[in-house]
Amino acid sequence: MALSLSSTLTELPWQAIEAYLPLLEGEEALLLDSGGDPAQTRQRFSFLCPKPKAVLKLTSEEIRDFRPYLRSFWQKYRPANPFMSSLPFTGGLVGFASYEAGLMCEGLVSRHKTDAPLFLLLACTDLFIFDRLEQRLWWASAEGNAPPPCPAPFASDSQNKLTLPSALNFIPDDKASSWKNKVEKIRAYIEAGDIFQANLTMRWKAERPANMPLLPLYTALRQACPAPFGAFLNTPDFGLLSASIERFLSLSAEGLIETRPIKGTAPIHADPLLNNKIQEALSKDEKELAENLMITDLMRNDLGRVSKIATVTVPQLCVVERFRHVHHLVSSVQGRLQDHYDVFDLLQATLPPGSVTGAPKHQALKIIDELESSSRGVYCGTLLRIGWDGALDSSVIIRSISATSDQFRLGAGGGITWPSDPECEYDEMLLKAAPLLKALGSL
């Protein structure tokens, strides 16, 4: 039953989000953190929830059809009369579905054990909303008269400068030769006609020193890797620090769906002329174009499960976009949700994200699990927010760090197709991991 509360939206004097970061030091806290050019729609707004109202964790049995559990949790904390606003998010559910949760949605169980939660959601009833473009700030409260916490600026830079201990040494799952051999095994599966493409990834692990806080680590990450889908999510048992650049799904309150698969990567060069040549080469690279096209088609199929007939379109195909550290080919697939479906049906039909699986999706998932050396955990899952109006925005959890009480993990990978060269694929994978490893002092 919905909360019988009078929700409010109060505008506050502008302060940049950095002034509010200390509010994230509680046992449970959340920041959806847009970085980069605020003039870009996906990079304009940030949301900070200093104290979530409740936590929902799903078991493996519940994940097989998670819709009733998510609907019940959403309805329990949804205000009886949510205020109407042009702001993209004024409260709702925020959390993640791990990659292994996505496998379960496909009727599969990983052979790897994971220490990450499978599916975790926070009820965010009170939060700050930052409009980075117009420099405006609001406090949204489903509690009606709940006052906003006061910001408490960080201490001096010298006091808060992150000093990574020498013990923070990331070790990869596989040696270079082993990873390249796995590329060849995927190519053999492709040659045999089992699949067209599979996304092969690798994890790095490091011991987490006792009592090492996550917030200073996240401030270092957000400075080194500003991203449209940055995030800091902390609970007593698990933390996620994200610098993701890839949208998984968005759903408007009116039912418009969009996904933006990223496939195809090239480095950035400091020389503008050389950089232009790199961009042009990427836009014409047959292997990279084929990789993106196959995943775009996969996402067309996934969206078609819940979209109205003849509404699935591809308004953007294989466009080169520049990010902080690399160029990518990015496509857009859109659809219109069928009237009898909601956001929870959309998620159930599309997890795990297609851009980090392969085609055909189900078979690629089985091959990935056979070849990779460890569980993906939250990596390659999705970070999502569901508003009280039923709208959704979500990202693919890439360029991210996960944390347990004693360990840090990060991952990187790429799509393998028949023309893939193992040496080039290995270099591309390292190119994606390098900014994270450098931000953590490991390079």
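With a/c under 1.5 counting as rounded, go ahead and sort segment 389-443 into rounded, prolate or oblate using the C-alpha gyration tensor (a ≥ b ≥ c being the square roots of the eigenvalues; past the cut-off, prolate if a/b is larger than b/c, else oblate). Walk me through the numbers on the way to the answer.
On the way: a/c = 2.58, a/b = 1.21, b/c = 2.14.
Judged from the Cα gyration tensor, segment 389-443 comes out oblate (a/c at least 1.5, b/c at or above a/b).
Angle between the Cα long axis of helix 215-224 and the longest principal axis of the chain, 0 to 90 degrees, nearest 10?
60 degrees
DSSP loop (so not H, G, I, E, B), at most 13 other Cβ within 10 Å: list which GluC sites (Glu not before Pro) in segment 233-328 pass both filters.
254
Rounded, prolate or oblate: which fits segment 15-113 when a ≥ b ≥ c are the square roots of the eigenvalues of the alpha-carbon gyration tensor, with rounded for a/c under 1.5 and prolate only if a/b beats b/c?
prolate
Using a probe radius of 1.4 Å on heavy atoms only, what accessible surface per residue do you get for the chain? Whole Å² is fine.
Heavy-atom SASA per residue in the chain reads 41 Å².
For an R0 of 25 angstrom, estimate the FRET efficiency from the Cβ-Cβ distance between residue 71 and residue 106 and round to the nearest 0.05.
Calculated value: 0.75.
Kindly provide the trypsin sites (Lys or Arg not before Pro) of segment 1-93 that DSSP labels as loop, not H, G, I, E or B, and whose Cβ sees at most 14 other Cβ atoms within 10 Å.
64
Give the list, by residue number, of cysteines in the chain with no other Cys Cβ closer than 4.7 Å, or say none.
105, 150, 225, 318, 380, 424
Take the residue pairs 263/287; 175/432; 180/277 and return only those whose Cα atoms are more than 19 Å apart.
Too far apart for the 19 Å limit: 180/277.
Treat every Asp and Glu Cβ in the chain as -1 and every Lys and Arg Cβ as +1, leave all other atoms uncharged, and give the resulting dipole magnitude about the Cα centre to the nearest 20 debye.
160 debye
How many percent of Cα pairs in segment 1-71 exceed 13 Å?
Of all Cα-Cα distances in segment 1-71, 78 percent exceed 13 Å.
So what's the net charge close to residue 412: Lys and Arg +1, Asp and Glu -1, counting the other residues with Cβ under 10 Å from its Cβ?
Spelling it out: positives minus negatives among the neighbours equals +2.
Over segment 49-160, what per residue volume does the convex hull of the Cα atoms give, in whole Å³? Before the final figure, lay out the partial values.
On the way: hull volume 19.3 nm³, N = 112.
Once divided by residue count, the hull of segment 49-160 is 173 Å³.
What distance in nm lies between label points placed 7 Å from Cα along the C-beta direction at residue 60 and residue 404?
Calculated label separation equals 1.5 nm.
Volume per residue, Å³, of the convex hull around the alpha-carbon atoms of segment 330-418?
Cα-based convex hull of segment 330-418, divided per residue, equals 144 Å³.
What fraction of the DSSP beta bridges in segment 1-153 is antiparallel, stated in percent and rounded to the nearest 5?
Working: 28 of 29 bridges.
Of those bridges, close to 95 percent are antiparallel.
Which loop-located trypsin sites (Lys or Arg not before Pro) does segment 288-328 contain, where loop means any DSSP state but H, G, I, E or B and the Cβ has at most 16 other Cβ atoms within 10 Å?
305, 308, 324
With the Cα gyration tensor of segment 184-314 giving a ≥ b ≥ c as the square roots of its eigenvalues, does the rule (a/c under 1.5 for rounded; else a/b larger than b/c for prolate; else oblate) give rounded, prolate or oblate?
Prolate, because a/c is 1.5 or more and a/b exceeds b/c.
Just want to confirm a number: the relative contact order over the chain, from Cα pairs under 8 angstrom separated by 6+ residues, in percent.
For the chain, the relative contact order is 23 percent.
When the accessible area of segment 1-160 is split by element with a 1.4 Å probe, what percent falls to carbon and sulfur?
Reported share for carbon and sulfur atoms: 50 percent.
Fully extended, how many nm does the chain gain between residue 362 and residue 39 (0.36 nm per residue separation, minus their Cα-Cα distance)?
Gain in length upon complete extension: 112.5 nm.
Report the net charge of residues surrounding residue 264, where surrounding means a beta-carbon distance below 14 angstrom and charges are Lys +1, Arg +1, Asp -1, Glu -1.
Around residue 264, the surrounding residues sum to -3.
Hey, got the dipole for segment 319-408? About the Cα centre, +1 on K and R Cβ, -1 on D and E Cβ, debye to the nearest 20?
Value, rounded to 20: 340 debye.
For segment 215-299, which whole percent of the accessible surface, found with a 1.4 angstrom probe, sits on carbon and sulfur atoms?
The C+S portion of the solvent-accessible surface of segment 215-299 is 57 percent.
Please report the Cα spread of segment 208-280 along all three principal axes, rounded to whole Å, starting with the longest.
Projected onto the principal axes, the Cα atoms of segment 208-280 cover 47, 41, 16 Å.
Mean shadow of the chain, computed from the convex hull of its alpha carbons, in nm²? Show your work: numbers first, answer last.
Values: hull surface 83.1 nm².
Approximately 20.8 nm², given one-decimal rounding.
The values are calculated or read from the model by the stated rules, or taken from the named source; none is laboratory data. Treat the numbers as computed from the prediction; the structure is a model and nothing was measured. Methodologically, a virtual Cβ is constructed for each residue, glycine included, from the backbone with ideal geometry; neighbour enumeration extends over all protein chains shown. Ligands, DNA and RNA are stripped out before the accessible areas are found, and what is left, the full protein with its side chains, is counted by its heavy atoms. Shrake-Rupley method; radii C 1.70, N 1.55, O 1.52, S 1.80 Å.
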